[in-house]
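Q: Have a look at the structure that comes next, please.
Each value in this text was obtained by applying a stated rule to the coordinates, not by laboratory testing. The model shown is predicted, which means the values in this text are computed figures rather than measured ones. Using ideal geometry, Cβ is built from the backbone for each residue, glycine included, and neighbour counts are taken over all protein chains shown.
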Amino acid sequence: MIPQVSYSTAGFGGLELGMALDRIAGTGFRCVEFVCDRHAPGDHPGVVAQEVRRQLRERGMTAATVHAPARRTVLGAPTEDWRIEKLSVLTDALRLTSEIGAHGMVIHGIPNPMFLPEDRALKSMYAAMITAMRRSIEDLIPAAQKAGVRMLLENLPYNRDLRAAGRDGDYPLMRMADLRAFIEDFPPEQVGLIVDVGHAWTDGMDPAREILIAGDRLWGTHLQDVDRDNPQDNHWAPLDGGLDWPSIVTALQQIGYAGAYTFEVIAPRRGESAEELARMTFAAARAWGLVNDK
């Protein structure tokens, strides 16, 4: 069975949605990950649901996943006011995901340290953020079940930033082993994982190993390349960096991965246009046997 391949609309984030979809379709992709931060209003993503559905339908395209608003919109906010405010945004994003026909929604767990209060010790907030993350998932499960959407928790590269700043790289729930253990007791129909292979390598982890650890709870991918020796979450086209792509593809096959192969390619390494990056990416997907040319 040929897997589903998709391309993140973040790759054309500077264009309005219709133009972005046209460019993506023109490079060969017929499926996308719809990125709220690029193509939906910040705190009310659901208001564009009908328009997004129309734009996809007119082009014969589909959405495999939705990337919920990120930045400060997280599950594990350190204060209750912050958590409740963003819970409403994520509930609205679940509705959007369902209405455009996608089945997975990517969510960030705890905030990037850059958004946390500077007058509090970082480690003093860890336990509260983990507890808030668990409560938020529990609160969102009924909405996810009603929408028929699986929430996908993403591995994030924030430990690299902490280490670069001379701080301990022990930020919680960044790696698949911790995320897998965290979601173990949540229903798999509503809560799964997504692996960003560039995040993994940026954080010092082997992407193939992270995939194997996620196992049958893995329902999403962000495929992007990064520099081998100095990875900085580069979001380059596959084969433009130093990742071991054969091991990544093999690991996905070994776990019987049934989700979409989603490419989150955003930045050029050598000045390529957004269209050139998408074409390079589609060529790589074809070379790996992920594209049905019949």
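Q: Which numbered condition trips up Ala63, out of (1) of a type outside the set (Asp, Glu); (2) outside any helix (DSSP H, G or I); (3) out of contact with any Phe, Trp or Tyr (no Cβ under 7 Å at 6 or more places or on another chain); (4) surrounded by 17 or more Cβ atoms within 10 Å (Cβ to Cβ)?
A: Ala63 satisfies every listed condition except (3).
Q: OK, next. When you look at Ala128, is it within 20 Å of the chain's Cα centre (by Cα) and not polar (S, T, N, Q), yes or no?
A: The answer is no for Ala128.
Q: I would also like to ask the following. For residues that are surrounded by 24 or more Cβ atoms within 10 Å (Cβ to Cβ) and without any contact (Cβ under 8 Å) to a residue 40 or more places away in the chain, scanning just segment 3-38, find the one that is nearest to Arg95 (Cα to Cα).
A: Step by step, filter segment 3-38, then rank; the result is Val35.
Q: On to the next question. Based on what the data block shows, is Gly42 loosely packed, with under 14 Cβ neighbours inside 10 Å and more than 15 Å from the chain's Cα centre (by Cα)?
A: Judged against the criteria, Gly42 is a match.
Q: How many of the residues making up segment 117-140 are surrounded by 14 or more Cβ atoms within 10 Å (Cβ to Cβ) and more than 15 Å from Lys86 (Cα to Cα)?
A: Summing the residues that are surrounded by 14 or more Cβ atoms within 10 Å (Cβ to Cβ) and more than 15 Å from Lys86 (Cα to Cα) in segment 117-140 gives 5.
Q: Do the conditions hold for Asn155, that is, is it surrounded by 20 or more Cβ atoms within 10 Å (Cβ to Cβ) and in contact (Cβ under 8 Å) with a residue 12 or more places away in the chain?
A: Taking the combined requirement at face value, the residue satisfies it.
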